[in-house]
Amino acid sequence: MSHNFQKDISGCGLIGIINKDGKRISGGFICKSLCLMNDRGNGLGAGYAAYGIYPEYKDFYAFHIMYDELGAKTDTEEYLKKNYQIEKKEPIPTAPVEGIAIHPILWRYFVKPLPEKAERETAWLPDDDFVVRTVMKINSEIDGAYVFSSGKNMGAFKGVGMPSEIARFFRLEEYEGYIWTGHTRFPTNTPGWWGGAHPFTLLDWSIVHNGEISSYGINKRYLEMYGYKLTLLTDTEVVTYLFDLMVRKHGLDASTACTALAAPFWKNIDDMPEDEKAAMTALRMVYGSALMNGPFSILFGHSKGLVGFNDRIKLRPLVAATKGKTVYMASEESAIREICSSPDKVWAPRAGEPVIVELETGKGQ
Amino acid sequence: MLTIDAKGIYYRELNSKVRDAVSKGEKEILLKNVNGQYYIGDGLRGETTITIDGVPGNDLAAFMDGPTLIIKNNAQDNIGNTMNSGKVIIHGNAGDVLGYGMRGGKLHIRGDVGYRVGIHMKGYKKQNPVIIAGGKAGDFFGEYMAGGVLILLNLDGKKDDRPMVGDYLGTGMHGGIIFIRGDVDKKLCGAEVGITDLDNEDNKFLKEYLEDYCKDFNLKTEDIMRVGFKKLIPASLRPYGNLYAY
Amino acid sequence: MFRSLAVPEFLAKIDQVKCIRCKRCIQNCGWSVYSWGGDKVLIDTFKCVKCLRCYHYCPEEAITIEDNPVKYRSNANWGFYQIRNIKKQAETGGIPLTGMGSDMPYPVLFDNLLIDACQVTNPSIDPLREPMELRTYLGKKPAKLEFEKVAGGKPKLKTKMPPQIKLEMPFIFAPMSYGSISLNAQKTLAIAAKELGIVMNTGEGGLHEDIYPYRSNIIVQVASGRFGVNPDYLNAGVAVEIKIGQGAKPGIGGHLPGEKIPLDIAKTRMIPVGTDAISPAPQHDIYSIEDLRQLIFAIKEATNYTKPVSVKIAAVHNVAAIASGIVRAGADIVYIDGFRGGTGAAPVIIRDHLGIPIEYALAAVDERLRQEGIRNEASIIAAGGIRSCADAAKAIALGADAVALGTSALITMGCTVCGKCYTGNCSWGITTQRPELTVRLDPEVYAERLINLIHAWSHELKEILGALGVNAIESLRGSRERLRGVGLDGQTLDLLGVKPAGR
């Protein structure tokens, strides 16, 4: 897929909501909150990710794909047909919006890798890995096609426009999810490209992110060593793959992964009790190239929860709040108050200290 | 008294209304239903008192020179950025980078404050900026401090298990005074900081500052001063004199 | 006697009016340039190497050392040293020797690389006020970690970590043996390494008992001559290094003549006084990569797997494949010594014409190990021409875990890079064993200068990291995105994995 040669740089505002009891809410809420932070974006990108929106297809990978032209669609579908059972395919419903004159061709597919493994190109891969490979393959090899969402019972909706325009365009008020994340973007050097908007997703990981990761160069090379193809030159792509590597492939829990990405300082590690010191020292040694350095706040959604955290010296803002079983995280407190005027608790997480929220057992599935 | 309903109003319109009112000599303004509007009080001069109902947005009171802002709730980041004079009273918490390069006036916060509070505050001649925070503070409190007064009170004590002040306290400090209510762990301080007890003169100044603070929040100075303070001052006016080769 | 037709390189001159006949120059010159003529100091300028010892110790500033204006007729093809070496070879039939790294004007790619800095979109970080971390661990890292959760939710490490060398900053001192340098020079390195929290390396000359107190800051080396190697020695430091080659003289061995083997060196090298100390060109138990594996594990067995094993090689044409083999053979550290690396003695012809510069080698090795998915299996030390913190930062950005400093460390001890180390006459007491010369080098005094240098470079490195908006050295390591090339062709940029400036 086409992309700018230079590394993507952008500033942003972000918001996330999770209902721990799995209660689903309409996309209208998150849009309202995100619109309050319009000044954190510049209209060159906005997007949302929602979990729990496709309950009737919850066992299928939901591929959201954008095409520059129909030829790319033909090539992609040919590849999908060979390797996947396609339960349903349809255009992603959109509505005409004044500010959005041009947009890619948008389709979604509910698919399962073919059970006959011999039919697949790479027979030995487990389903998730095979889907990751498919996403990498389509995005890097089929010109004009870009998979922007590939998880189960979740989806990303994003494009070039202001948050309210993108929400109306994708008719988000018609979707109900138990986790929502939203992002308004202020890119400084990427011409408006729909795939470049956030959230960035892979399987059921979705990332929205504010700030620039100054360690991008080595984070990228580190991931490449594990077979990730970084085609977008965005920090958010890096974050998504780092989580995929550390959590899904290496089996670290979310909290340990966040600790590696925004690691404690040696000064503090040296003062820890022996066991913790050994664990943290090893974490920094082994995952040093994964350390995300520079300013960021990140919301990381997955089908069972939402994680928010910021960099090790807190150069980007993050505020969290709770109200009953709902947890909110945003760049600004006012964005939370816009949809929750009297939260039970509001706090600013400390540098590198993740806020980890998980669904109650059995909810949201 | 002029009341402006800020509900759903973009900051440019809101602040322009405020500027108009102030230029017409309005001495008391109430902003209702504020939520997230940036730059309230930005660059404003005069004697006006503006009361804000809701959570104001970033850069509140930036470059402000005179007015008093009263915020009944929490406030966000970058409050009092390069503020020249006047006063901001916040009944809730305040965010990060509070009073960056502040040259004068007062910030009184009842609750907690974020990271890099009082960063590079500076005093000159009669200008002496003061920030008093009633709760706890994050890392880099008083970073590069070059003048003025920072006071941290930790009034709500054991509300949570976070330390009253974060790491890198006063790192790069080369002017001004920090008063901390309670004990200070030397390990948290930058190398440029000296910790001492207060002398009579210090106590006199501190009391003056606190009396004004207590008036704003209906607190009692004696209650606050019952717990001992530590004073942090720069060990040198030129902490990096030996760093360079000529 | 037939006077050499190789014209002197330098003219030592004494202003007879200023000279007070104190004879300090006579005492100080290790090369016997000066002698007493009864009423004035006589000068044999043929012997002068421009080490400037006399100049610094003349109380009256009466001495000047000039480049000899009498050179051969200028010729773009036949340079001074080409003609001079032919004359010397004609007179002696020998191989001209030299010391230090090559002084030939090959391109130095470090000088064609520029480092990024932050503006607006990401903030620079203030290194003086905010934390800035240089700590580096050298050794094999597992690809991933396993933890078990214990009460309180703190992760407890399940994975067993391989042994590591802990460095407080990504600098180490390059291997320089007792023999090639004086014991006082080694002591200076050891004192500084300990104070700084880094390591020095014994080189292949064994470990003198005076250095034992610094064992937690020492890498012991095993080279083809196996001098001073026994089980105690292998276990004496924090790591063991197998020396295959040296950047200044890839593929050739060494020879410390018997006359330079007095009692103390003999004891340290564990050979009789007065015998030649010969280091064969290859290690004769390593004729192939599987033999290297055999030696690596022989050492790991002898040290009970408690020490990382480093393998030092010269940067040669096929260095990436060689390094990959070394890592697969089980080495924990690969030490790559570039073409411009220093030496105590090497044939000019070898030093100036064999091998490749460190920038190319480092870029190729780091990239190769990543492509093979084994970069975590070993740390990379880059050496051979690190002249400043800028070179070090660029090497780290290209992929080095740490850089090794030899010549720069010696310069803090008085060395002026005169390149005559092989003569054993070093007037600064560094590359000599003559007691009247080595006594000049007070380890305590000079260690302080060396510590100053490393502190200064550490500050500089922190300033660079701060400008880059990162606060830990691992965020620069291998981050070639933060380098840009100026004046480099496309192929070179491609090899370095660096974009041209402006892109």
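Looking at C:Lys154, C:Lys144, C:Lys149, which is the one that is of a type outside the set (Val, Ile, Thr), without any contact (Cβ under 8 Å) to a residue 60 or more places away in the chain, loosely packed, with under 14 Cβ neighbours inside 10 Å and more than 14 Å from chain B (Cβ to nearest Cβ)?
From the options C:Lys154, C:Lys144, C:Lys149, the qualifying one is C:Lys149.
When the range A:258-301 is examined, which residues are found to be buried (at least 24 other Cβ atoms within 10 Å of the Cβ), of a type in the set (Phe, Trp, Tyr) and part of a loop (DSSP other than H, G, I, E, B)?
If the condition is that a residue be buried (at least 24 other Cβ atoms within 10 Å of the Cβ), of a type in the set (Phe, Trp, Tyr) and part of a loop (DSSP other than H, G, I, E, B), then A:Tyr287 is the only one that fits.
Given the condition more than 10 Å from chain B (Cβ to nearest Cβ), β-branched (Val, Ile, Thr), out of contact with any Cys (no Cβ under 6 Å at 6 or more places or on another chain) and under 19 Å from C:Gly153 (Cα atoms), answer yes or no: does some residue in the range A:261-271 qualify?
Yes, that holds for at least one residue.
Scanning the range B:214-232 for residues that are free of Cβ contacts under 8 Å to residues at least 60 places away in the same chain and of a type in the set (A, V, I, L, M, F, W, C), which turns out nearest to C:Leu453 (Cα to Cα)?
Restricting to residues being free of Cβ contacts under 8 Å to residues at least 60 places away in the same chain and of a type in the set (A, V, I, L, M, F, W, C), the top hit is B:Phe229.
For the range A:29-45, does any single residue satisfy the condition of being at pLDDT 95 or above and either closer than 20 Å to A:Phe157 by Cβ or among the hydroxyl-bearing types (Ser, Thr, Tyr) (or both)?
no
A:Ile15 versus (1) in contact with a Lys or Arg (Cβ under 6 Å, 6 or more places away or on another chain); (2) assigned to a strand (DSSP E or B): which is the lone unmet condition?
Condition not satisfied by A:Ile15: (1).
Identify the residue in the range B:180-195 that is farther than 19 Å from B:Arg162 by Cα and in contact with a Leu (Cβ under 8 Å, 6 or more places away or on another chain) and, among all such residues, is surrounded by the fewest Cβ atoms within 10 Å (Cβ to Cβ).
Residue satisfying both the conditions and the ranking: B:Gly194.
Go through (1) more than 13 Å from chain C (Cβ to nearest Cβ); (2) closer than 23 Å to B:Phe140 by Cβ for A:Ile313 and report which single condition fails.
So the condition that A:Ile313 fails would be (1).
Can you tell which of B:Gly166, B:Gly157 is of a type outside the set (A, V, I, L, M), touching a residue at least 40 places away in the same chain (Cβ under 8 Å) and surrounded by fewer than 22 Cβ atoms within 10 Å (Cβ to Cβ)?
On inspection, the qualifying residue turns out to be B:Gly166.
Looking at (1) closer than 30 Å to C:Tyr360 by Cα; (2) surrounded by 14 or more Cβ atoms within 10 Å (Cβ to Cβ); (3) out of contact with any helix residue (DSSP H, G or I) (no Cβ under 6 Å at 6 or more places or on another chain), can you tell me which one C:Glu9 breaks?
Looking at each condition in turn, C:Glu9 falls short on (1).
How many of the residues in the range B:200-235 are over 20 Å from the mean Cα position of the chain (by Cα) and either within 14 Å of another protein chain (Cβ to nearest Cβ) or closer than 30 Å to C:Leu128 by Cβ (or both)?
1
When both residues are 6+ apart or on different chains and their Cβ atoms are under 7 Å apart, which pairs have a first residue that lies in the range A:289-302 and is at the interface with another protein chain (Cβ under 8 Å from one of its Cβ atoms) and in contact (Cβ under 8 Å) with a residue 60 or more places away in the chain, and a second that is in a loop (DSSP other than H, G, I, E, B) and of a type in the set (Ser, Thr, Tyr)?
A:Leu291/A:Ser215; A:Asn293/A:Ser214; A:Asn293/A:Ser215; A:Gly294/A:Ser214; A:Gly294/A:Ser215
Could you please let me know if C:Arg477 is assigned to a loop (DSSP other than H, G, I, E, B) and within 16 Å of C:Ile115 (Cα to Cα)?
The answer is yes for C:Arg477.
Of B:Lys106, B:Lys125, B:Lys87, B:Lys136, which residue is surrounded by fewer than 22 Cβ atoms within 10 Å (Cβ to Cβ), out of contact with any helix residue (DSSP H, G or I) (no Cβ under 6 Å at 6 or more places or on another chain) and at negative phi?
Values: B:Lys106 fails: surrounded by fewer than 22 Cβ atoms within 10 Å (Cβ to Cβ); B:Lys125 fails: at negative phi; B:Lys136 fails: surrounded by fewer than 22 Cβ atoms within 10 Å (Cβ to Cβ).
One residue alone meets the criteria, B:Lys87.
So the check is Cβ under 7 Å with 6+ separation or different chains; which pairs have a first residue in the range C:475-488 that's within 8 Å of A:Gly217 (Cα to Cα) and facing chain A (nearest Cβ under 9 Å) and a second one that's among the hydroxyl-bearing types (Ser, Thr, Tyr) and not in a loop (DSSP other than H, G, I, E, B)?
Every condition considered, the pairs that remain are C:Gly478/A:Ser289; C:Glu481/A:Tyr216.
State whether the residues of the range C:400-413 include one that is outside any helix (DSSP H, G or I), modelled with pLDDT of 95 or more, farther than 21 Å from C:Ala192 by Cβ and of a type in the set (Ser, Thr, Tyr).
Within the range C:400-413 (the criterion being outside any helix (DSSP H, G or I), modelled with pLDDT of 95 or more, farther than 21 Å from C:Ala192 by Cβ and of a type in the set (Ser, Thr, Tyr)), the answer is no, since none of the residues qualifies.
Would you check if there is a residue in the range C:279-289 being touching a helix residue (DSSP H, G or I) at 6+ places or on another chain (Cβ under 9 Å) and assigned to a strand (DSSP E or B)?
Within the range C:279-289, none of the residues are touching a helix residue (DSSP H, G or I) at 6+ places or on another chain (Cβ under 9 Å) and assigned to a strand (DSSP E or B).
Tell me, which residue of the range A:89-137 that is buried (at least 17 other Cβ atoms within 10 Å of the Cβ) and touching a helix residue (DSSP H, G or I) at 6+ places or on another chain (Cβ under 6 Å) is modelled with the highest pLDDT?
Among residues in the range A:89-137 that are buried (at least 17 other Cβ atoms within 10 Å of the Cβ) and touching a helix residue (DSSP H, G or I) at 6+ places or on another chain (Cβ under 6 Å), the one modelled with the highest pLDDT is A:Phe110.
Confirm whether A:Leu233 is within 11 Å of chain C (Cβ to nearest Cβ), closer than 25 Å to A:Asp129 by Cβ and more than 20 Å from the chain's Cα centre (by Cα).
No: the conditions fail for A:Leu233.
Out of A:Ile179, A:Ile166, A:Ile218, which single residue is within 14 Å of chain C (Cβ to nearest Cβ) and surrounded by 24 or more Cβ atoms within 10 Å (Cβ to Cβ)?
The match here is A:Ile218.
Inspect all residues belonging to the range C:164-179 and state whether any of them is within 14 Å of chain B (Cβ to nearest Cβ) and under 30 Å from A:Gly227 (Cα atoms). Before you say what the answer is, go through the steps one by one.
To start, the set of residues in the range C:164-179 that are within 14 Å of chain B (Cβ to nearest Cβ) comprises none.
No, that holds for no residue.
Taking A:Met292 as the residue in question, decide whether it is over 18 Å from B:Tyr115 (Cα atoms) and touching a Pro at 6+ places or on another chain (Cβ under 7 Å). Reasoning before the result, please.
Numbers: over 18 Å from B:Tyr115 (Cα atoms): yes; touching a Pro at 6+ places or on another chain (Cβ under 7 Å): no.
Here the answer is no, as A:Met292 does not meet what is asked.
Checking the conditions here, which among B:Gly172, B:Gly142 is assigned to a loop (DSSP other than H, G, I, E, B), within 12 Å of another protein chain (Cβ to nearest Cβ) and out of contact with any Phe, Trp or Tyr (no Cβ under 7 Å at 6 or more places or on another chain)?
It is B:Gly142.
For the list (1) surrounded by 18 or more Cβ atoms within 10 Å (Cβ to Cβ); (2) over 30 Å from A:Arg40 (Cα atoms); (3) in contact (Cβ under 8 Å) with a residue 12 or more places away in the chain; (4) within 10 Å of chain C (Cβ to nearest Cβ), I need the number of the one condition that A:His250 fails.
For A:His250, the exception is condition (3).
The values are calculated or read from the model by the stated rules, or taken from the named source; none is laboratory data. Keep in mind the model is a prediction, meaning the values are calculated, not measured. Note that we place each Cβ from the backbone using ideal geometry, even for glycine, and neighbour counts take in every protein chain shown.
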